[in-house]
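A.B. asks: Structure below; questions to follow.
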Amino acid sequence: MQLDLTPAQFQALAGRLDAAIIAGHYYRAGHSVDLINRLAGTTDADELASIERNVTHLEQLRVKPWWHGYDLTAWDAAIAVGRL
């Protein structure tokens, strides 16, 4: 299937797709926040490793320039909890 789009139409479509992709990343990052908060205080080695992976994931996402208008307070709190 081929779409015959003008450059302006292509740019508008790309912007909406980018917004949907960013929203998806934001939504899925919430799963990392939930996991970190749920496992906080554990002493289990596997759970500690899971916390570390999810904190790293949030830290990597956190530095992206995409998050204008998104509330990242829960991310920052989960990162702090996971680093204790």
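The values are calculated or read from the model by the stated rules, or taken from the named source; none is laboratory data. If you're wondering where the values come from, they're calculated on a predicted model, not measured in any experiment. With ligands, DNA and RNA removed, areas are computed over all heavy atoms of the protein, side chains included. Shrake-Rupley method; radii C 1.70, N 1.55, O 1.52, S 1.80 Å.
A.B. asks: So with the 1.4 Å probe, I'd like the accessible area per residue for the chain, rounded to whole Å².
C.D. replies: Numbers: 6010 Å² over 84 residues.
Ligands and nucleic acids excluded, the figure is 72 Å² per residue.
A.B. asks: Once fully extended, how much extra length lies between Tyr70 and Ile22, figured as 0.36 nm per residue of separation less the alpha-carbon to alpha-carbon distance?
C.D. replies: Length gained, Tyr70 through Ile22: 16.3 nm.
A.B. asks: Using the Cα atoms of the chain, I'd like the radius of gyration and the largest Cα-Cα distance, Dmax, both in angstrom.
C.D. replies: Both quantities, over Cα of the chain: 17.3, 57 Å.
A.B. asks: Quick one: pull the percent of accessible area on the chain belonging to carbon and sulfur, 1.4 Å probe, ligands and nucleic acids left out.
C.D. replies: Details: 3550 of 6010 Å².
Heavy-atom surface of the chain belonging to carbon and sulfur, 1.4 Å probe: 59 percent.
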